[in-house]
Amino acid sequence: MHTAIYPGSFDPVTRGHLDIIARAARATDKLIVAVLNNGAKNSLFSVEERVKMLKEELEEIPNIEVRSFNGLLVEFAKQCDAHIVVRGLRAITDFEYELQMAQTNRILDHSIDTFFLTADLEYAYLSSSTVKEVARFGGDISAFVTPAVAERVMEKYTGVSK
Ligand code: ADP
């Protein structure tokens, strides 16, 4: 059985992430979407909120599990018995960082391979930071995230919940 891990911040999950997740889930037996609990990073959503949003978005895909993790990805992968890490590549700017991470992980644990999926052209420009930047100034984020996520993001900025 091939178990893969798709790690990320998902702050918040975008349509680009969802596209990578759906494609990776089709290509593996089990996909663990792993939310990085990075205390040092200034995030809009707590890890619990990010896990909850992902679970809601992904409940219809049967071979997906959403979890959070701390610390080294290779250690978490070992715990999950996963040997594949999935990452998305949007542009050349992602490449250098992703290559470095993939090579570092392989030095730390030689049994781990990173599989890259290229972003769908429709979402190649999209990042969680863009979503937050647009939302912060009251812009329309419906092209970037699902309606449920958009509502949560707007709640954060306006303090109003529907
Ligand atoms: P971000 O870089 O937007 O903060 P994450 O840290 O959550 O996002 O990213 C997790 C992984 O998903 C990374 O490999 C990143 O390159 C990839 N990714 C992010 N946005 C997209 C997108 N729009 N299309 C494809 N892959 C993406």
Go through (1) in a helix (DSSP H, G or I); (2) surrounded by fewer than 16 Cβ atoms within 10 Å (Cβ to Cβ) one by one and return the number of the condition residue 131 breaks.
(2)
Of the candidates 72, 44, the one satisfying the condition of being among the aliphatic types (A, V, I, L, M), surrounded by fewer than 20 Cβ atoms within 10 Å (Cβ to Cβ) and within 13 Å of the ligand (Cβ to nearest atom) is 44
I'm told residue 119 meets every condition in (1) within 13 Å of the ligand (Cβ to nearest atom); (2) surrounded by 13 or more Cβ atoms within 10 Å (Cβ to Cβ); (3) at pLDDT 95 or above except one. Can you identify the failing condition by its number?
(3)
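Checking the condition in contact with a strand residue (DSSP E or B) (Cβ under 8 Å, 6 or more places away or on another chain), more than 23 Å from residue 109 (Cβ to Cβ) and buried (at least 21 other Cβ atoms within 10 Å of the Cβ), which residue from 23, 50 passes? Quick ask: steps written out before the conclusion?
Numbers: 23 fails: buried (at least 21 other Cβ atoms within 10 Å of the Cβ).
Matching residue, one of 23, 50: 50.
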Subset of region 73-96, residues within 16 Å of the chain's Cα centre (by Cα) and not charged (D, E, K, R), comes to 73, 76, 77, 84, 85, 86, 88, 89
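Give the residues of region 122-147 that are more than 7 Å from the ligand (Cβ to nearest atom) and among the hydroxyl-bearing types (Ser, Thr, Tyr), sorted by residue number.
Just the residues of region 122-147 that are more than 7 Å from the ligand (Cβ to nearest atom), to begin with: 122, 125, 130-147.
125, 130, 142, 146 - these are the residues of region 122-147 that are more than 7 Å from the ligand (Cβ to nearest atom) and among the hydroxyl-bearing types (Ser, Thr, Tyr).
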Qualifying residue in region 6-24 (condition: away from the ligand (no atom under 13 Å from the Cβ) and touching a residue at least 24 places away in the same chain (Cβ under 8 Å)):
no
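The values are calculated or read from the model by the stated rules, or taken from the named source; none is laboratory data. Worth saying up front: this structure is predicted, and the values here are computed from it rather than measured. For neighbour counting, all protein chains shown are included, and Cβ atoms are generated from backbone atoms with ideal geometry for every residue, glycine included.
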